[in-house]
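*Asks:* Mind having a look at this structure? Questions to follow.
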Amino acid sequence: MKKLGLALTFLLACALAVGVVGCGGSLVTTTTSTTTTERIEPTKALFIGNSILVGNGGSGMCASDPDHDYYALVNEMMDEVVPKYSAERVSGIAWENATSSVQRGSLMREWNSALTDDLDYVIVQLGDNANLTDELETFSADIGRVIEYVRGRCPEAAIIWVAAWYSTEERQQAYAEVCAEYGVLWVDIMPLNTSPHRASLDDEVVFLDGTTHIVDEYEVATHPGDEGMRLIAQAVFAAMRP
């Protein structure tokens, strides 16, 4: 796959493909004594996500290989423009599947070792798997609790919430409202979930450990394929580099 470019047309395509709503952390400082603006280059990111991030044995489910999931593609683009950029990913699947705020609050502590105070970005890609009634009852409030928890541990980080590949208009409205309330960026990827952007049955995928697997279940094949991963990566990158 050819290396992704950073042309203006690419960024315009991102803006048209998905919505990026809200305001992120401050990445620009302006002195009061001069008109000079100093750009602070962020260098360290953490991604917290579900199977779209870690479902292929640690890489994104249904990406053809680890180099083609959205995490790898975002990192590739960031490496081109940010010196010394580094990133890590952790699973938030257990948080999504929890059925109470108490459970979700406890499970957030599993991210503690990765939520360091030197992070510049925390990208949260969660919400797709909260489908049952008891999982949704406190869902909006729990999104806010995640934001508060991350801010408490990473006060300088810009938080970006990426959601959701599997969703409804009602739930998308909840993401928009909560992210606006807390002043974080929301990247709406629901419009990207169309047939050309999904994987297909019988696709061959390579896991992080190098083993090869065949997509043989319909539910798995509804995940983003390489094209879906590319579009998600573009949207996330556009939010990280406003």
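*Asks:* Among the residues of region 201-219, is there at least one that is within 14 Å of the chain's Cα centre (by Cα) and among the aliphatic types (A, V, I, L, M)?
*Replies:* no
*Asks:* Looking only at region 120-170, which residues are touching a residue at least 40 places away in the same chain (Cβ under 8 Å) and more than 23 Å from Arg89 (Cα to Cα)?
*Replies:* Ala141
*Asks:* Sort out for me the strands (runs of 3 or more DSSP E) sitting completely within region 135-230 that have 1 or more residues that are surrounded by 19 or more Cβ atoms within 10 Å (Cβ to Cβ).
*Replies:* In region 135-230, 158-163, 185-188, 204-206 are the strands (runs of 3 or more DSSP E) which contain 1 or more residues that are surrounded by 19 or more Cβ atoms within 10 Å (Cβ to Cβ).
*Asks:* If you don't mind, there's one more thing I want to ask. May I ask you to say which residue of Gly55, Gly92 is without any contact (Cβ under 8 Å) to a residue 60 or more places away in the chain and surrounded by 17 or more Cβ atoms within 10 Å (Cβ to Cβ)?
*Replies:* Gly92
*Asks:* Hey, any hits in region 120-140 for a residue that's in contact with a Pro (Cβ under 7 Å, 6 or more places away or on another chain), over 26 Å from His223 (Cα atoms) and among the charged types (D, E, K, R)?
*Replies:* Yes, there is a match, as at least one residue in region 120-140 is in contact with a Pro (Cβ under 7 Å, 6 or more places away or on another chain), over 26 Å from His223 (Cα atoms) and among the charged types (D, E, K, R).
*Asks:* So which residues in region 100-130 are surrounded by 13 or more Cβ atoms within 10 Å (Cβ to Cβ) and more than 19 Å from the chain's Cα centre (by Cα)?
*Replies:* Ser100, Ser101, Gln103, Gly105, Ser106
*Asks:* Modelled with pLDDT of 95 or more, in contact with a Phe, Trp or Tyr (Cβ under 9 Å, 6 or more places away or on another chain) and over 16 Å from Ala239 (Cα atoms): does that describe Val124?
*Replies:* no
The values are calculated or read from the model by the stated rules, or taken from the named source; none is laboratory data. Treat the numbers as computed from the prediction; the structure is a model and nothing was measured. Positions of Cβ are backbone-derived with ideal geometry, glycine not excepted, and every protein chain shown enters the neighbour counts.
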